[in-house]
Amino acid sequence: MTATDVDPWESSTLADCRKLATEMIGRQTQFDEAFFICDLHDVEYKCRLWRQSMPGIVPYYAVKSNPDPLLCRVLFTNGVKFDCSNQREIKFVLENVPGAKGSDMVISNTAKCVKDIAFSFEIGATLMTVDSVEELVKIVPFRERARILIRLQSSERTSEITFNRKFGADNDTILKILIKCKELDLNVVGTHFHVGLGFVSPLIYDESIELSRAVFDIAKEMGFTMNILNIGGSFPGGVRRRKQFSEVAAVVQRSLERNFPTGCGVTVIAEPGQFFSTSAWILCTKVVAVKDTSIDKTHNPGAASDLRARLSRMQRRHLKLNKLGESHSQEEVADAAVGGIVAKEHHVVLARNVFLNESRSNVIPRAALPYLDLHFYRVGKDEEIPDIGDGGTDSKTVLWGATCNPIDHILEWGHLVDFKCNEWILIDNMGTYSRAFQCGFNGFGIPPVHYIGHGARKEA
Ligand SMILES: *Cc1c(COP(=O)(O)O)cnc(C)c1O
């Protein structure tokens with residue numbers, strides 16, 4: 001086994017992050033804001049893993065998954081280019097990544113603003129995708145330099161989140177685009193697809209590459225010379241997803257050998273977002289409140305939800321107690337207690353509600369959360385918080401986000417976890433579609449980032 005075979009999360013990354021988190025929390029006991037730690041070593045590792053597993057495929061990092069300046073610099077230093085959507089993302093790359101140029105970008109938005117198209121050409125970003133005849137008209141003024149990729153409807157078999165409903169040309173539209181490009185004298189250079197999110201079968205890459213081959217063949221018959229195949233994103237990048245990534249890489253390699261063999265003159269590119277941005281980031285967040293919902297098992301175990309019955313029962317008991325207190329001795333009170341009037345209650349916690357100082361309305365992923373396989377760790381302890389299922393009881397632990405938004409619910413464990421107020425929790429796999437949505441909703445602020453690894457000092 002070589003050094004690069006070791007998954008850094010199984011070696012040192014989590015340990016490094018935990019060490020820094022412990023130091024930071026210890027330094028400032030009144031420290032109340034959540035913060036991120038980004039391990040740039042992990043980003044470098046991902047670049048090596050890509051080169052090994054996807055030889056010859058040029059990665060264009062989907063900036064939208066985590067627009068972080070240092071992350072982008074480390075990627076660019078390691079040969080990664082950029083997938084940008086619009087003028088702001090392009091400017092972000094130009095301003096934050098020394099050396100990056102328009103020619104290092106693919107503009108993969110199929111519904112572009114006219115101004116953004118002009119800006120792209122101004123700075124030399126000439127490779128862009130379309131999925132409609134209408135979009136072509138906007139590109140005509142730049143026809144000398146434009147290099148067009150047709151976005152196809154990919155195979156989304158087994159994908160949970162579809163892109164095809166919003167993006168991608170169906171077979172009919174592909175033909176119309178090719179015909180229109182002939183008519184307008186536009187340069188079509190290849191195809192593009194995105195397999196969707198949350199897929200189970202990696203074969204959808206093969207099916208989409210095969211479809212691309214068919215389009216290349218038709219385009220050739222029509223007199224176009226296509227030479228760029230863009231296989232999009234969705235490559236798994238989570239801490240525990242290395243095996244799944246390897247399976248995808250194997251399927252892609254085999255499919256390319258069959259459909260676009262070496263020497264066929266086609267450059268293959270991809271747009272990985274989550275692959276590069278997921279695993280390098282952990283969020284350090286604090287438990288700010290713990291609130292138990294419990295029932296009184298002794299008196300009426302089955303009727304926990306019948307609040308009215310419970311209230312009237314308690315009222316009767318309080319009346320009795322008050323009367324005893326007024327007119328009887330302590331002994332009589334004790335006798336009454338033994339007699340069952342005020343039997344010692346046996347509390348059963350049904351739900352432990354745990355509130356963090358971060359939220360799904362800010363940096364904890366919203367739409368992507370179910371697909372990210374987040375794990376939770378306690379600062380200072382080595383083990384993660386296990387999901388041991390229902391633990392044989394009806395009790396559960398509910399993790400809530402900080403905001404007053406009632407749907408700001410993070411997840412549930414089917415058992416009671418002994419969370420304590422003020423303790424710190426680390427969440428892994430937190431780099432993708434997380435900070436990208438941060439907005440400071442409800443006054444909870446934007447978590448700062450602390451970096452580990454090469455280039456970490458450049459920020460200052
Ligand atoms: C978001 C996006 C990507 C990146 O997807 P990941 O699932 O994060 O890899 C790539 N290409 C396009 C066109 C996208 O919209």
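Would you work out which of T173, F193, P261 lies farthest towards the positive end of the dipole of segment 164-265, given +1 charges on the beta-carbon of Lys and Arg and -1 on that of Asp and Glu, about the Cα centre?
Of the options given, the answer is F193.
Translational D (Stokes-Einstein, µm²/s) of segment 195-287 at 25 °C and 0.890 mPa s when Rh comes from the Kirkwood sum over C-alpha pairs?
The diffusion coefficient I find is 165 µm²/s.
Taking K and R as +1 and D and E as -1, what net charge do the other residues with C-beta under 12 Å from the C-beta of K64 add up to?
After counting each charged neighbour, the total is -2.
Per residue, what accessible area does segment 41-277 have, given a 1.4 Å probe and all protein chains present, in Å²?
Normalised by residue count, the accessible surface of segment 41-277 is 41 Å².
Provide C84, C439 ordered by accessible surface of protein heavy atoms (probe 1.4 Å), highest first.
C439, C84
Where both partners of a DSSP beta bridge lie in segment 41-277, what percent of those bridges are antiparallel, to the nearest 5?
Antiparallel: roughly 5 percent of the beta bridges in segment 41-277.
Of the heavy-atom accessible surface of segment 41-277 (probe 1.4 angstrom), what whole percent is carbon and sulfur?
Ligands and nucleic acids excluded, carbon and sulfur reach 52 percent.
Residue farthest toward the positive end of the dipole of segment 186-251, with Cβ of Lys/Arg at +1 and Asp/Glu at -1: which of F245, S208, N230?
F245
Assigning unit charges at the beta carbon (Lys, Arg +1; Asp, Glu -1) and nothing else, what dipole magnitude in debye, to the nearest 20, does segment 41-277 show about its Cα centre?
420
Do any trypsin sites (Lys or Arg not before Pro) in segment 401-460 lie in a loop, going by DSSP, with at most 12 other beta-carbon atoms within 10 Å of their beta carbon, and if so which?
K420
Determine the sum of side-chain charges near T403: Lys and Arg each +1, Asp and Glu each -1, restricted to other residues whose C-beta is under 11 angstrom from that of T403.
Here the count lands on -1.
The values are calculated or read from the model by the stated rules, or taken from the named source; none is laboratory data. Note that this is a predicted model, so its numbers are computed, not measured. Because the Cβ atoms are built from the backbone with ideal geometry, glycine has one as well, and the counts that use them run over all protein chains shown. For the accessible areas, the whole protein counts, side chains as well, though only heavy atoms, and no ligand, DNA or RNA atoms are used. Shrake-Rupley method; radii C 1.70, N 1.55, O 1.52, S 1.80 Å.
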